[in-house]
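Notes follow once the structure below has been shown.
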Amino acid sequence: MAATMKTPPFRVYVDTCVFGGAFDVEFATATQTFFAQVRLGRFSLVVSALVQDEIATAPLPVRELMEEMLPFGATAFPTDEALLLQAAYIEAGILTPRWADDALHVAMATVQNCDIIVSWNFQHIVHFQKVPRYNAVNTLKGYGPIAINTPAEVLGYEE
């Protein structure tokens with residue numbers, strides 16, 4: 001009898017709006033299901049210091065959820081490598097300097113070798129025109145592609 005091999009959890013960078021999404025009527029169900037699957041070990045989170053800074057002024061339930069989720073992954077910090085990749089995204093015109101923090105989320109996830117970024121930011125991160133452009137810059141800079149999805153798109157379902 002062959003032994004079954006356990007698949008390692010996906011490394012998932014979670015941006016700021018996902019934590020808030022757990023308390024938003026439109027996004028709550030998918031977001032809460034996503035975090036339930038994190039608790040079950042399907043995903044290993046990467047939460048950046050940037051996310052932590054952005055959440056510092058969020059409502060208490062959002063801050064508490066982030067604190068609860070921190071043991072389920074790692075904390076990433078901005079590095080020179082991530083800052084250079086952020087600058088490359090801006091130079092490529094994917095985002096303007098006004099949205100540099102959104103570019104930094106993508107850069108940090110890429111540099112941290114995450115499999116997926118989950119976000120509810122449809123304007124700057126989860127956007128059908130931007131995702132291939134982020135990945136084109138990643139390729140030019142020697143990085144692999146990164147998937148960018150909403151929490152609803154990465155949920156596992158029992159068969």
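Inside region 11-57, counting only helices (runs of 4 or more DSSP H) that do not spill past its ends, which hold 3 or more residues that are more than 20 Å from Q112 (Cβ to Cβ)?
28-39
Which of the residues belonging to region 127-140 are over 17 Å from the mean Cα position of the chain (by Cα) and loosely packed, with under 15 Cβ neighbours inside 10 Å?
Within region 127-140, Q129, A136, T139, L140 meet the criteria.
Look through region 88-110, keep the residues that are more than 12 Å from the chain's Cα centre (by Cα) and open to solvent by less than 30 Å² (accessible area, probe 1.4 Å), and return whichever of them is nearest to S48 (Cα to Cα).
Per the criteria, the residue is A100.
Out of everything in region 15-25 that is of a type in the set (A, V, I, L, M, F, W, C) and under 14 Å from R63 (Cα atoms), what residue ends up being most open to solvent (accessible area, probe 1.4 Å)?
F23
W120 fails exactly one of the following numbered conditions: (1) surrounded by 14 or more Cβ atoms within 10 Å (Cβ to Cβ); (2) assigned to a helix (DSSP H, G or I). What is the number of that condition?
Of everything listed in (1) surrounded by 14 or more Cβ atoms within 10 Å (Cβ to Cβ); (2) assigned to a helix (DSSP H, G or I), W120 misses just condition (2).
Only residues that are closer than 20 Å to H105 by Cα and free of Cβ contacts under 8 Å to residues at least 60 places away in the same chain: list them for region 21-34, please.
A22
The values are calculated or read from the model by the stated rules, or taken from the named source; none is laboratory data. Please read these numbers as outputs of a predicted model, since none were measured by experiment. No Cβ is skipped: glycine too gets one built from the backbone with ideal geometry, and neighbour counts run over all protein chains shown. Surface accessibility is based on the protein's heavy atoms, side chains included, excluding ligands, DNA and RNA. Shrake-Rupley method; radii C 1.70, N 1.55, O 1.52, S 1.80 Å.
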